[in-house]
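Have a look at the structure below before the remarks.
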Amino acid sequence: MLKSLTALGLALSCLAVGPARAEDAASAGQAAHAMLTRLCDDFGGRLTGSAQNAAALEALAAELRGLGYAPQVDAFEFPGWRRGDDRVELLAPFPRRLRVAALAYSPATPAFEADVTDLGGLEPERALGGTAGKVGLLSPSTLLTARQIGQRAAELGLRAVLFINREAGGQLLARTGSFIGETLPVPVFSLTQEEGQSLQRLLARGRPVRVRCATTSAPVPVRTANLVLRLPGRSPERVIVGAHFDSWDLGQGALDNGLGVAQLYALARLLRGADLARTVELVWFNGEEQGLWGSRHAAAGLGDAPVVAMINLDMVGVPIAVNALGDADLEAALGRWHARRARPLPQGVQNVNWFGSDHTPYQLAGVRAVTFNAPIPRESVRYYHDRADTIDKLPEPIVVDSTRTIAEVLQALVEDAALTPRRRSAEATEKLFTTFGLEPRMRAIGYWPFAARVP
């Protein structure tokens, strides 16, 4: 009995106002940052389907077993992608290897040579001719999705696309070319801003630009797994907290989303032995970067489980607001928590839905979801998805401070008896996305699950 009360006190003290909470949150956050440091340095990037991803997931499971837990490996398959040795070399006006990264789902393509043509941003009003057989140079100002870029490239007869990166400083932005596992019609490469702009200037002056391209990256079926840790409560009603485990492979994935990996681990430390009013489920998802595959798998397996809410931790820096993502009753519950908080968040409770991370499949399954407005300092976040997304960009205090707020929100949802489990109807869920103007983008990437409306 004494042990149970002590464990409960430890778990709740991290949420209470005062010195004890700060010490407990600090200890959990520090341990989580140290764990993430080992994960990043020992395994590097965690591209889903890679040997590094599988080994790092087992290492995380071992860390959890060391805390006395028995995490479950929830395996699944999806249409994945493997990065190979992709090359784009400038041949004219002078020889140089360009720094590129193929977008996921780019196909393997034997080496070929072609002239480069400037596509601008592929604006609808821009007239393009004579593009067949060439490599297109695409401005970062384009409003098209990667899927639409591939479709336009095929229509124009292009053999490849060089997509100029939006960040300066030699950066690349690894990203997916498809949210639904489609193979792109042609390879699409992210190209450094500086090199892309130099090619644009040459073309604007009428200088011929020619490149040689070769792609060994290719779509492949992938078998991977989510890691699930269920902490039983007095009620089977469930609060799910998820963060994607995978990253891109160029760097270490410390910011995106090692930060969420660490925050979940810190929660696991804080809640050891706790007497919880509701069951808490911690889930490390795989396959998020290629198209939310792990959360799709998990949400599809919910059945009729009584879920109160899902909290998504994706690059959550230091929170300035908590977001109910369009659900009014969830906004009210978060408002009750925020009203009791000794230090209000600078922007309080927000209620704006957005698309593109692991909360989306849960929302589509009718489950309410929570995210945070929590910026990461510009000097760090600019490196995400690239080689410099490394653990040195993630200061320990970010993990400590964010864990404190995340734990408070979790505890509020676990204890709020006025917030009962429910699922939205399909009609209400569709409205949740249309109200916030998300339908056009979701349709553009092929991820709109609702039936066409009859005019």
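Since every read-out is calculated from the coordinates, none of them should be taken as a lab result. Predicted model, so just to flag it, every value in this text is computed and none were measured. For neighbour counting, all protein chains shown are included, and Cβ atoms are generated from backbone atoms with ideal geometry for every residue, glycine included.
Can you bin region 275-428 into rounded, prolate or oblate? Criterion: square roots of the alpha carbon gyration tensor eigenvalues sorted a ≥ b ≥ c, rounded for a/c under 1.5, prolate for a/b above b/c, oblate for the rest. Oblate, because a/c is 1.5 or more while a/b does not exceed b/c. Neighbours of G366 by Cβ distance under 10 Å: Lys/Arg scored +1, Asp/Glu scored -1, total +4.
Tell me whether region 246-293 comes out rounded, prolate or oblate; compute the Cα gyration tensor, take square roots of the eigenvalues as a ≥ b ≥ c, and use a/c under 1.5 as the rounded threshold. The shape class here is oblate. Which label marks the calculated value of P(r) over Cα pairs in 10 Å bins from 0, in percent, given the options (1) 4, 20, 29, 24, 14, 6, 2, 0, 0; (2) 4, 14, 17, 15, 12, 10, 8, 7, 5, 4, 2, 2, 1, 0, 0; (3) 5, 23, 35, 28, 10, 0? Computed from the coordinates, P(r) over Cα pairs in 10 Å bins from 0, in percent corresponds to (1). With the cut-off at under 20 Å, measuring from each backbone N in region 424-455 to a point 7 Å along the Cα-to-Cβ line of R166 picks out 436-447.
Is region 84-216 best put as rounded, prolate or oblate by its Cα gyration tensor, with a ≥ b ≥ c the root eigenvalues, rounded for a/c under 1.5, and otherwise prolate when a/b is larger than b/c, oblate when not? Rounded, because the longest to shortest axis ratio a/c is under 1.5.
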